[in-house]
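Please read the structure below before turning to the comments.
The values are calculated or read from the model by the stated rules, or taken from the named source; none is laboratory data. All values reported here derive from a predicted model rather than from experimental measurement. Note that we place each Cβ from the backbone using ideal geometry, even for glycine, and neighbour counts take in every protein chain shown. Quick note on the areas: whole protein, heavy atoms, side chains included, nothing else; ligands and nucleic acids left out. Shrake-Rupley method; radii C 1.70, N 1.55, O 1.52, S 1.80 Å.
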Amino acid sequence: MNVLEIKDLSIRFHTDTGVVQAVNHIDLNLKQGETLGLVGETGAGKTTTALGVLNLVQSPPGEITSGEIVYKGKDMLKLKKHEMHAIRGGEISMIFQDPMTALNPVLTVGEQITEVISLHQTCSKAEATRHMVDMLEKVRIPAQRADDYPHQFSGGMKQRVVIAMALACHPKLIIADEPTTALDVTIQAQVLDMINQLKKESDTSLLLITHDLGVVAESCERAAIMYAGEIVEMGSVEDIFDHTAHPYTKGLFNSIPSLDKEIERLKPIEGLMPDPTNLPKGCKFHPRCPFALELPVCSQEEPRNFEVTPGHFVKCHRCSNWAETLTMEEKEGEDNG
Amino acid sequence: MANILEVKHLSKYFKTPNGQLHAVEDVSFSIEKGVTLGVVGESGCGKSTLGRAILGLNEVTDGQVIFEGKDITCAKGKSRKDVRKEMQIIFQDPFSSLDSRMSVSQLIAEPLKITGLVKGKEAIDRRVSELMDTVGLAGRYKLSYPHELDGGRRQRIGIARALAVEPKFIVCDEPVSALDVSIQAQILNLMDDLKKERGLTYIFITHNLSVVKHISNEIMVMYCGCMVEKCAARELFRRPLHPYTKGLLSAIPVPSLHVEHKRILLEGEITSPINPAPGCRFCSRCAYAQEMCRSSAPEPLEVEPGHFVACHCISEINGI
């Protein structure tokens, strides 16, 4: 069953220099208990998508120009303000990227967690406090530290406080926006471990936004790759990692220095991300794509989403005849090898 | 080959209101010419301070820095200026390390003018064009200002500035950390090419372990101001010996579904470097810590040729 369905979502920002097309017609769904990784580089539209889901895109300058976000059969974009307030932080909660700024510096961490609980659950103050202590212990922070302020905690501990807040009301869906990017790698391992474990215990769905494909391999069941406001490839992690189809996804993998193989020279993606106020015609990736020269259609027409194998979607003209492309590639491989 | 740089018992302390902060503690190592030494560690482990202390950007509290046989620890005035022509730095953040009121050509010409290496307006202009070409910046950006360029191009300006005085040795302080992976790969390739063409020696400071493995010949792991392990890059990933290195390497998320993962989860967090307790800095997180670890700090030992480890329990842990 799908917990969340995003259909044809587009988000624009009106700025002095032009209209930024941040998110362009994306479709995405998330099943009960599933972890979906949303991957992309800076400016790909990952965070804007997440904010769109919670109806948090600041307007103006932002504007959701098309699409629906269906949660439990209701389009969240049509909900009234107070209905949205009830869902946000309760049934759907968010873990922000930067734990240093996500917490209020003038309230103790205990007060901040209790606030979430008393906003969304009908309970006495004492019950809320008891629940707050439970949550802190769940994220392995001693209860006596509830009276401390955020600046007295380290980065890893602050992020655990943010996680405790996000989980306090037993959400059905968590949106985690780069939850470990600001953390060191040994602390990242602790935090990811904790998110995965707590998620399993409560059968929550998780939309995990990240730029790190390593994190995706470790925590996700499915992944969606974003480029210039579009989802260019989506599928199970096996599809994405072992049967990579889109040239951009391939470029991403080739750019990462490998830990287990010896590579003399990296193969970066040539060129730069397109300017979001002036996106190229046709396929948005074609100016950087090594295959675009062979196919004139790439610079003319926007590719549609091809389902190359069940559940594996690729937005690329080369996939219009996937079987043929595959045999071509095998041949190339033989020629090279 | 001869050592281009030797660092002997280098320490750097900072005074803070809460006591003395031991940023770098008794670090010794040497680099051969043409070798890239990667320095890895988590935030606050003293890797940037080490880089800056070597260049004399931070005054050293104790120890010696010897560059090409000369002690430059306390070099000042003209002798410091002369050393600066040989040793340069590429900074981490291409957004704050460039003067936003200078154009690209002014930025690259600045070191040429300061050192007086190239004289005359035309000669400087020619040299700037050459340097832009070397680092892959198109000539049309000459009159652009940093805010008009993206992170990758800005970092190329930083590299051109460092190369302008034709140094032999460059400290690269997290030069790709602020960049996206596709741009990061472009910059790493550029740095690799420059090293081969010009026979440069790098100290490459980073927290990204896959980057450090790719670019380095040797790697030094730092924890809380101390060097805990140093050896050839391949050796470190094949057979890490220090318990911290083991934990650090196993914590990296690998972008592949076919890598067996035995994660050693390090509990706790980095201890404070302010007025540190005697003994091994890692012992509060170490699963093998004994009484001895809490009372005396371990010295780095060469357990195998070229493989240095600072740990009391090294033989117990690894069965050697």
Checklist entry - With r defined as the distance between the Cβ atoms of B:S100 and B:C74 and R0 fixed at 35 Å, what FRET efficiency is calculated, to the nearest 0.05? => result 0.55
Item to check | chain B: Cα Rg divided by the 2.2 N^0.38 Å rule of thumb | outcome: 1.05
Checklist entry - Once you put a point 7 Å from the Cα of B:Q20 and another 7 Å from the Cα of A:K200, both along the Cβ direction, what distance in nm separates them? => result 4.7
Item to check | Accessible surface of B:I264 - all protein chains present, 1.4 Å probe, nearest 10 Å² | outcome: 90
Next on the checklist: Rounding to the nearest 10 and keeping the result within 0 to 90°, find how far the Cα-based axis of helix B:77-86 lies from the longest principal axis of chain B.
Outcome noted: 90
Checklist entry - Got a sec to turn the phi values of the range A:246-255 into Karplus ³J(HN,Hα) couplings, 6.51 cos²θ - 1.76 cosθ + 1.60 with θ = phi - 60°, whole Hz, x for Gly and Pro? => result 7, x, 5, 4, 4, x, 4, 4, 5, 7
Checklist entry - Quick one: longest stretch of chain B between exposed loop GluC sites (Glu not before Pro), exposed meaning at most 11 other C-beta atoms within 10 Å and loop per DSSP? => result B:60-259
Checklist entry - Per residue of chain B, what 222 nm ellipticity follows from adding -39500 (n - 2.57) for every DSSP H run with n ≥ 4, rounded to the nearest 500? => result -9500 deg cm²/dmol
Next on the checklist: Per residue of the range B:99-112, what does 6.51 cos²θ - 1.76 cosθ + 1.60 with θ = phi - 60° give for ³J(HN,Hα)? Whole Hz please, x for Gly and Pro, Karplus curve as stated.
Outcome noted: 5, 6, 9, 10, 6, 4, 5, 5, 4, 6, 6, 3, x, 5
Checklist outcome for this item: Under the 7 Å Cα-to-Cβ spin-label approximation, A:E127 and B:N3 lie apart by a distance in nanometres of 6.9
Next on the checklist: As an exercise, use a Förster radius of 51 Å and the Cβ-Cβ distance of B:R239 and A:E238 to find the FRET efficiency, rounded to the nearest 0.05.
Outcome noted: 0.95
Checklist outcome for this item: Reduced to Cα centres, the span from the range B:29-97 to the range A:61-127 in Å works out to 48
Item to check | Projected label distance in nm at A:S320 and A:E262, using a 7 Å step from Cα toward the beta-carbon | outcome: 4.4
Checklist outcome for this item: Here the FRET efficiency for A:L293 versus A:T65, based on Cβ atoms and R0 = 41 Å and rounded to 0.05, is 0.80
Checklist entry - How big is chain A on each of its three principal axes, counting only the C-alpha atoms and giving the largest first in Å? => result 70, 47, 40
Next on the checklist: Just to be sure I follow the definition: excluding the sites themselves, where is the longest run in chain B that has none of the trypsin sites (Lys or Arg not before Pro) in a DSSP loop with at most 10 other Cβ atoms within 10 Å?
Outcome noted: B:120-261
Checklist entry - Out of B:I90, B:L143, B:H307, whose Cα points farthest toward the positive end of the dipole of chain B (charges: +1 Lys, Arg; -1 Asp, Glu; placed on Cβ)? => result B:L143
Checklist entry - Excluding A:Q152 itself, what net charge comes from residues whose Cβ is under 11 Å from its Cβ, given Lys and Arg +1 and Asp and Glu -1? => result 0
Item to check | Separation between Cα centres of the range A:236-301 and the range B:128-188, rounded to whole Å | outcome: 23
Checklist entry - What ³J(HN,Hα) values, in whole Hz, does the Karplus curve 6.51 cos²θ - 1.76 cosθ + 1.60 give for the range A:261-274 when θ = phi - 60°, with x put for Gly and Pro? => result 10, 8, 10, 6, 9, 6, 10, x, 7, 5, x, 10, 4, x
Checklist outcome for this item: In the neighbourhood of A:T244 defined by beta carbon distances under 9 Å, the net charge of the other residues (Lys, Arg +1; Asp, Glu -1) is -2
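Under 8 Å for C-alpha pairs, at least 6 residues apart: give me the relative contact order for chain A, rounded to a whole percent.
19
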Next on the checklist: Relative contact order of chain B, please, whole-number percent, based on alpha carbon pairs below 8 angstrom and at least 6 residues apart.
Outcome noted: 20
Item to check | Other-chain or far-sequence residues with amide H under 5 Å of B:L117's (modelled H) | outcome: none
Checklist entry - If amide H atoms are built 1.01 Å from N in the plane of the peptide, which residues on other chains or at least 5 residues away come under 5 Å of the amide H of B:T201? => result B:G34, B:F169, B:I170
Next on the checklist: Below 8 Å between Cα atoms, with a sequence gap of 6+, how large is the relative contact order for the range A:109-231 in percent?
Outcome noted: 23
Checklist entry - All other residues with a Cβ under 9 Å from the Cβ of A:E233 taken together, and with Lys, Arg as +1 and Asp, Glu as -1, what is their net charge? => result 0
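Would you calculate, for chain A, the mean residue ellipticity at 222 nm contributed by helices, counting each DSSP H stretch of 4 or more residues as -39,500 (n - 2.57) and dividing by all residues, to the nearest 500?
-10000 deg cm²/dmol
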Checklist entry - Near the amide H of B:C311, under 5 Å away, which other amide H atoms are found, from residues 5 or more places off or on another chain, if H is placed in the peptide plane? => result B:L301
Checklist entry - Hey, what angle do you get for helix A:322-336 against the long axis of chain A, alpha-carbon based, 0 to 90 degrees rounded to 10? => result 70
Checklist outcome for this item: Sites removed, the longest contiguous part of chain A containing no DSSP-loop trypsin sites (Lys or Arg not before Pro) with at most 16 other Cβ within 10 Å is A:141-260
Item to check | chain A: angle of helix A:109-120 to the longest principal axis, Cα-based, in degrees nearest 10 | outcome: 80
